[in-house]
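Asker: Got a structure here, written out as structure tokens. Questions coming.
No lab work stands behind these numbers, since they all come straight from the coordinates. These numbers come from a predicted model, not from an experiment. As a convention, Cβ positions derive from the backbone with ideal geometry for all residues, glycine included, and neighbour counts pool all protein chains shown.
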């Protein structure tokens, strides 16, 4: 799930990174998978569709019982030690380079949205991980937990007992091998409260930057100067305000810690686990037994051949919020009108599959800074420095090649607008909602979102400072830049993902429907205006020499709106397409993640999250999978 995951920000667009990735000795990338025909001949208790984040968590936990057999089907390949994936400021930094994971079909599904009606018809790129380890191979490694109220909404508002902040905190601790920060921001403290929130000894290393650029601390001090405090414990139930964010990087090796090397590589030798790679799952097979719809296994293709694998207990879908609905619809589970129009026999009419798509739209702005400052642009501007840093990384896993964007935080909307503007925005929103035909789920969501917004305590837009140019505009040789990221954390727009063909190799139709409500536009526009104020506040303002994108001429509300609609992209945090909520609200899965109306199909991926969370979602997806593994064990007494 490219923890932010937008391709052009997953790391940084640095030409020097291409050379660095090629210079680091390659690791062993031999496959740990069995052949497609051998996989089909095996007997499995559980078949997991998707060897990404949640799929690998489930595989590890379920095979802890040696009597339980698990098979994983993955379209990508097993790539241990791949430098394009694992060097933080490395190969995937270069979004349009041949030395990149993003936009590379060997790593990325390379999905595209439908033309967006509210974005001047633009098409949004949707990279998703096509590799064992999934989108944890592509993301920006940001490691966050939502605020307590956001997690608690999942449990209380949507009828999912057992899914509150307190219920899930222990699973975060189970995942983590946490390392305390050694370099601190102004106002940041390492407290017992922070330490007690985290686990040690888990599969995923969680750490903090050990090197800061020359703009990171000034950015924090500038925010403090305009009444935005430093948050020393964002993981304790309140992630609002600015912090030095943690990230999924091993501080000893300086390499990405992701689902593949954290959860899968250590258990390759388990005889009760089999993985088949390079295959496309095309259909779930169902039979009817005693009035129940039972999944018996799945069909998949490889090298022009079709195979069938059987599951004695369950088929678990972990293909992600965009692929899981596609597979269900291809298998006859979904809106019967859609299925009949494509000639697909209807197994189960479940029309909410693929609906309720939500994401985090994002808008960027960039600024030129003093060229003498240390930013990541120096890797482009100074070949000697780049080589020195590469040598430092190779020698002791330190230096700028271990860097990930350090300044991250979220602000209540009221930070950027006064009460009068907020009231006007809310009145316009409520009028728009009243004029629409909203679903029962939307009605509950909108009420919860409005309550959260009015409370003024939760972050509504997230900020990140990336100390680099080239993400928006072409950098001038020898110059230095910062790029500011503004993410709308709780959008009101709702989209969908569906099939429009029976061809399983075709991409699904992805329509996030971004900015269909004026509120979502205004949040980003006001966030960008606040950023301009922030970046021109001392001491950060003393380093900024010019607004680059947008230029000074963009100043009126209409100009900011036009800028947002012409530039907005996605953070690639799609959720909600197989929502965990009650059937009355249009849920697809129940609180045990089982699909309503199917006897033995469970969904364990970001699609089950019923409403946006105000953070990057990778940590939450890991936690959902850890909890899901316990639910499966309880249900089958294993």
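Asker: Which percent of Cα pairs goes in each bin when the distances of the stretch 98-211 are cut into 5 angstrom slices starting at zero?
Answerer: 2, 9, 12, 13, 14, 16, 16, 11, 6, 1, 0
Asker: Next question. Classify the stretch 569-638 as rounded, prolate or oblate, taking a ≥ b ≥ c as the square roots of the eigenvalues of its Cα gyration tensor: rounded when a/c is under 1.5, otherwise prolate if a/b is larger than b/c and oblate if not.
Answerer: Details: a/c = 2.63, a/b = 1.39, b/c = 1.89.
Judged from the Cα gyration tensor, the stretch 569-638 comes out oblate (a/c at least 1.5, b/c at or above a/b).
Asker: Add -39500 (n - 2.57) for each DSSP H run of 4 or more in the chain, then divide by its residues: what number comes out at 222 nm, to the nearest 500 deg cm²/dmol? Could you put the intermediate results ahead of the total?
Answerer: Numbers: 17 runs with 177 residues, N = 638.
When only DSSP H runs of four or more count, the value is -8500 deg cm²/dmol.
Asker: Length gain on complete extension for the stretch residue 221 to residue 372, per 0.36 nm per residue less the alpha carbon to alpha carbon distance? Walk me through the intermediate numbers first.
Answerer: Numbers: separation 151, 0.36 × 151 = 54.36 nm, distance 1.99 nm.
Full extension of this stretch gives 52.4 nm more.
Asker: In nm, to one decimal, how far is the modelled label at residue 474 from the one at residue 561, with both set 7 Å along Cα→Cβ?
Answerer: Going from the residue 474 label point to the residue 561 one covers 3.3 nm.
Asker: For the stretch 548-594, which semi-axes, largest first and in whole Å, follow from the square roots of 5 times the eigenvalues of its Cα gyration tensor?
Answerer: Values: eigenvalues 342, 28, 8 Å².
The three semi-axes for the stretch 548-594 are 41, 12, 6 Å.
Asker: Next question, about the same structure. Where the eigenvalues come from the Cα gyration tensor of the chain, what are the semi-axes √(5λ) of the equivalent ellipsoid, largest first, in whole Å? Intermediate values should be presented prior to the final figure.
Answerer: Working: eigenvalues 278, 169, 99 Å².
The equivalent ellipsoid of the chain has semi-axes of 37, 29, 22 Å.
Asker: Ranked highest first by the average count of other Cβ atoms within 10 Å around their residues, in what order do 344-355, 459-470 fall? Numbers along the way, then the final one.
Answerer: On the way: 344-355: 20.0, 459-470: 26.1.
Top of the packing list down: 459-470, 344-355.
Asker: Next up: Could you give the length gained by full extension between residue 439 and residue 427, i.e. 0.36 nm per residue of separation minus their alpha carbon distance, to one decimal place? Present the calculation step by step, with values, prior to reporting the outcome.
Answerer: Numbers: separation 12, 0.36 × 12 = 4.32 nm, distance 2.03 nm.
Result: 2.3 nm gained on full extension.
Asker: Based on the alpha-carbon gyration tensor of the stretch 342-430 and its eigenvalue square roots a ≥ b ≥ c, which shape applies: rounded if a/c is under 1.5, prolate if not and a/b is larger than b/c, or oblate? Numbers along the way, then the final one.
Answerer: Details: a/c = 3.70, a/b = 1.52, b/c = 2.43.
Cα axes put the stretch 342-430 in the oblate bin.
Asker: So what is the relative contact order for the stretch 83-238, in percent, with contacts set as C-alpha pairs under 8 Å and at least six apart?
Answerer: Numbers: 214 pairs, mean separation 26.0, N = 156.
Relative contact order here is 17 percent.
Asker: Tell me the Kirkwood radius of the stretch 300-342: reciprocal of the mean inverse pair distance over distinct alpha-carbon atoms, in Å.
Answerer: Hydrodynamic radius (Kirkwood, Cα pairs) of the stretch 300-342 is 12.3 Å.
Asker: Determine the gain in length on full extension of the stretch residue 533-residue 394; use 0.36 nm per residue of separation and subtract their C-alpha separation, reporting nm with one decimal. Please report the intermediate quantities before stating the final value.
Answerer: Working: separation 139, 0.36 × 139 = 50.04 nm, distance 3.97 nm.
Full extension of this stretch gives 46.1 nm more.
Asker: Using the beta-carbon distance between residue 583 and residue 301 and R0 = 45 Å, what value does 1/(1 + (r/R0)^6) give for FRET efficiency, to the nearest 0.05?
Answerer: Working: r = 34 Å, r/R0 = 0.75.
After rounding to 0.05, the efficiency reads 0.85.
Asker: Now for a different question. Run the quick spin-label model on residue 280 and residue 635: label points 7 Å from Cα toward the beta carbon, then report their separation in nm to one decimal.
Answerer: 2.9
Asker: Using only the Cα atoms of the stretch 494-638, build the gyration tensor, take square roots of its eigenvalues as a ≥ b ≥ c, and label the shape rounded, prolate or oblate: rounded if a/c is under 1.5, else prolate if a/b is larger than b/c, else oblate.
Answerer: Here the stretch 494-638 falls in the prolate category.
Asker: While we're on this one: Rank-order 186-194, 571-579, 58-66 by packing density, defined as the average count of other C-beta atoms within 10 Å over each peptide's residues, highest first.
Answerer: Top of the packing list down: 571-579, 58-66, 186-194.
Asker: For a Förster distance of 41 Å, can you work out the FRET efficiency between the beta-carbons of residue 414 and residue 182, rounded to the nearest 0.05?
Answerer: Numbers: r = 34 Å, r/R0 = 0.84.
The computed FRET efficiency comes out at 0.75.
Asker: When the Kirkwood hydrodynamic radius is evaluated over all pairs of different C-alpha atoms of the stretch 283-356, what value in angstrom, to one decimal, is obtained?
Answerer: Working: mean 1/r = 0.0761 Å⁻¹.
In the stretch 283-356 this quantity evaluates to 13.1 Å.
Asker: Suppose a student asked you for the relative contact order of the stretch 216-367, using Cα pairs under 8 Å spaced at least 6 residues apart; what percent would you report?
Answerer: Details: 149 pairs, mean separation 16.4, N = 152.
With pairs under 8 Å counted, the relative contact order is 11 percent.
Asker: Can you pull the one-decimal nm distance between simple spin-label points at residue 451 and residue 189, each 7 Å off the Cα toward Cβ?
Answerer: Between residue 451 and residue 189, the simple spin-label model gives 3.2 nm.
Asker: I've got another one for you. Give me the mean projected area, in nm² to one decimal, of the convex hull enclosing the Cα positions of the stretch 386-491. Before the final figure, lay out each step's value.
Answerer: On the way: hull surface 43.2 nm².
Hull-based average projected area comes out at 10.8 nm².
Asker: Quick one: Cα centre-to-centre distance for the stretch 277-342 and the stretch 171-238, in angstrom?
Answerer: 42
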